[in-house]
Amino acid sequence: MRTYGVWRFVPGLARWLQRLEARERENHLLAAECQRLAQENFRLKGPLRQRQPPDVSPQSDEPPLPPELLRWLVAGTDDAAWFLESGRRAMATLLELLQRHGVPLTASGRWLDFGCGCGRVLRHLQHTPAQLYGCDANPLAIDWCADHLPFARFAVNALASPLDYDRDFFDVIYAFSVFTHLPQPLQQHWLEELHRVLKPGGVLLLSVHGDALVHQLSRAERADYRAGRLVVRLPALAGTNHCAAFHPPAWVRTVLAGRFEILDFQPEGATGNPPQDAWLIRKT
Ligand SMILES: C[S@@+](CC[C@H](N)C(=O)[O-])C[C@H]1O[C@@H](n2cnc3c(N)ncnc32)[C@H](O)[C@@H]1O
């Protein structure tokens, strides 16, 4: 991979070079994973990149680490230590908010990790009494979860579809860094659908890009954001990390979460997804 040498010191270029490097790393991982899958599944011949052992390992009673590519897709890095630590922090954010708002942890409670990816957060909930569910639009991630996280039930959903759960089914739903990658119509579709599958009184935790990331916006985007409008980059790549949505708090309150009661808003409070905001909302 290129490192772009002295160019990274040219004012204004550093951020673009960083993004370029991140894209190259992602392409590299995708290519390596495709090659591995091709060999495994179809017994094709060809050189296989040596897989690097991760620099940290989960505890012996924890699930194994997912492959680099799946870690990259959910965390924007394949760093194994960060994958484990950020998942723990996200789990702590969730449990702390639930406790603060008196949501009980009971064995009859059903919790859904919407857009669970490869279980970065869910893996840390295996000892909670609740019944755990995860769904995602990425079938590779869900296959990995179904094979390695036996304490939860998993399903694949389409980018825009009804979920395969009954009305009023879940007590708790959380979606870390999922609405951050959807354009407005899909966000509204999914809030409606999550509203349907939540029980009355059930809660939904969302993490979104808020004021802490305004500095990343262009002048025109910033003007939109400041006027309280959702800003979405690359909406055609909905559901991937290349599509990025920025949520003014006023827009979340009035448009996105309009049908819900706002229980909590913590700017930069999603500590496992820094520096995203955390919103806890309730179906009334
Ligand atoms: C940045 S990752 C975050 C994954 C996970 N929530 C976490 O915090 O580790 C975004 C995830 O949202 C999933 N996703 C995007 N659009 C979705 C949709 N319409 N339905 C379900 N999952 C979706 C992606 O496949 C990806 O796994």
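Only the coordinates and a few stated rules stand behind these numbers; no lab work does. All values derive from a computational prediction rather than experimental measurement. In this analysis, Cβ positions are derived from the backbone assuming ideal geometry, glycine residues included, and neighbour counts consider all displayed protein chains.
Diffusion of the range 68-283 by Stokes-Einstein, at 4 °C in a medium of 1.567 mPa s and with Rh set to the Kirkwood radius over alpha-carbon pairs, works out to 75 µm²/s. Distance between the modelled labels on Val214 and Ala81, one decimal in nanometres: 3.4 nm (7 Å Cα→Cβ projection). Centre-to-centre, using Cα atoms only, the range 141-197 and the range 252-277 are separated by 17 Å. Over all other residues within a Cβ to Cβ distance under 10 Å of Leu263, the charged ones net out to 0, with Lys and Arg as +1 and Asp and Glu as -1.
Across the range 142-170, the residues whose backbone nitrogen lies under 19 Å from the label position 7 Å along the beta-carbon direction of Glu192 are 157-169. Between Phe169 and Arg88, the FRET efficiency from the beta-carbon distance, with R0 = 30 Å, is close to 0.65. Counting neighbouring Cβ atoms within 10 Å and putting the fewest first, the residues Asp61, Asp277 line up as Asp61, Asp277. Spread over its residues, the convex hull of the C-alpha atoms of the range 180-220 is 93 Å³ per residue.
Each of Arg8 and Leu95 was given a label point 7 Å from its Cα along the Cα-to-Cβ line. The distance between the two points is 3.7 nm. Packing around the peptides 224-231, 81-88, taken as the average count of other Cβ atoms within 10 Å per residue, puts them in this order, highest first: 81-88, 224-231. Backbone amide hydrogens, once placed in the peptide plane, bring Arg153 within less than 5 Å of Leu132, Tyr133, Gly134, excluding anything fewer than 5 places away on its chain.
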